[in-house]
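Below is one structure, written out as C-alpha cells, with a few remarks after it.
The values are calculated or read from the model by the stated rules, or taken from the named source; none is laboratory data. All of these numbers come straight from a predicted model, not from anything done at the bench. For neighbour counting, all protein chains shown are included, and Cβ atoms are generated from backbone atoms with ideal geometry for every residue, glycine included.
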Amino acid sequence: GQQLNQSPQSMFIQEGEDVSMNCTSSSIFNTWLWYKQDPGEGPVLLIALYKAGELTSNGRLTAQFGITRKDSFLNISASIPSDVGIYFCAGINMIYNQGGKLIFGQGTELSVKP
Amino acid sequence: EAEVAQSPRYKITEKSQAVAFWCDPISGHATLYWYRQILGQGPELLVQFQDESVVDDSQLPKDRFSAERLKGVDSTLKIQPAELGDSAMYLCASSSPWGGTGEQFFGPGTRLTVL
C-alpha cells in the first residue's frame, strides 16, 4: 500500500542530544500527524499539524508542516531514555464529516544511550 | 482519560481457524478504523466506519475478513479462515469528524500469531 518516505530508519544517540527526523510524500496532505509507538502497544499521538508552514511544539518536541504540504519534520530536544521507541509520521486528507485514511511512514526507531 | 479499548491483547491460533477481535472506541467518536500493522512497518487501513456504515473497505481482503459495527458504537473484526500471512498487530482507532481535526486515537492493539 501507499506509504510515506520517512528517514532515518533508525537512530542511536546519546542522552541529551537533539534528534531530527522527516517525512516526504509525492502527494499533498492537509493534515500531518506524528505518533510514538512502544513495543507491543498502539501508536500514541504526539503532535498534529493542520496548516502549511505551521510550527507546533509539545514539550521537548517540535514539528513543522512543510510549505509544499508534501513534507513534515519532527525534532526532539535534549533526549532522555524514555524517548526510546518508534516514531511514525502520518498524512491524512480529511473528508469533511467522514474522517480520512491515515498514510503512515515506515517509522524511525530511536535508541537513547544513558 | 478516554481511551480506545481492544480485546484480546494477544491471540494465537492455527491456520484455517476463525478469529475475532473487538474494539470499543472513545465515547462519542463516530468514526472507527481498523488497521493492520506488519512488524517493521507502519499501520495500513483495512476498514473505516462512519457510525454503522462502511466508508472505506477497499483494502479489506473480503474473501476472509469481515467487519461490523452494528449499533454504531463497538466493532468486531473477523478472519475466517486465518492464514500464516495474517500474523500481525491489529489496531483499532477512532476519531470525531465533527470539527474536522483528523486526529485518530489508537487502542493497544491485538497481536495475532497464526501457526
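Could you tell me whether any residue of the stretch B:96-109 is touching a His at 6+ places or on another chain (Cβ under 6 Å) and more than 18 Å from A:Gly40 (Cβ to Cβ)? Within the stretch B:96-109, one or more residues are touching a His at 6+ places or on another chain (Cβ under 6 Å) and more than 18 Å from A:Gly40 (Cβ to Cβ).
Residues in the stretch B:20-30 that are touching an Asp or Glu at 6+ places or on another chain (Cβ under 8 Å) and either of a type outside the set (Asp, Glu) or not in a strand (DSSP E or B) (or both) were compared, and the one that is farthest from the other protein chains (Cβ to nearest Cβ) is B:Trp22. If you filter the stretch B:11-26 down to residues that are out of contact with any Ser or Thr (no Cβ under 7 Å at 6 or more places or on another chain) and of a type outside the set (S, T, N, Q), you find that the one that is nearest to A:Gly40 (Cα to Cα) is B:Asp24.
Would you mind listing the strands (runs of 3 or more DSSP E) fully within the stretch A:1-69 where at least 2 residues are more than 13 Å from the chain's Cα centre (by Cα) and surrounded by fewer than 20 Cβ atoms within 10 Å (Cβ to Cβ)?
The strands (runs of 3 or more DSSP E) meeting that bar are A:10-14.
Looking only at the stretch A:14-31, residues that are at pLDDT below 95 and of a type outside the set (Ser, Thr, Tyr) come to 3 in all. The C-beta contact set for the stretch B:24-41 (first residue at positive phi, second residue surrounded by 22 or more Cβ atoms within 10 Å (Cβ to Cβ) and not acidic (Asp, Glu), distance under 9 angstrom, 6+ apart or interchain) comprises B:Gly40/A:Gly107. Regarding the stretch A:42-51, can at least one residue be identified that is of a type in the set (Phe, Trp, Tyr) and without any contact (Cβ under 8 Å) to a residue 40 or more places away in the chain? Within the stretch A:42-51 (the criterion being of a type in the set (Phe, Trp, Tyr) and without any contact (Cβ under 8 Å) to a residue 40 or more places away in the chain), the answer is yes, since at least one residue qualifies.
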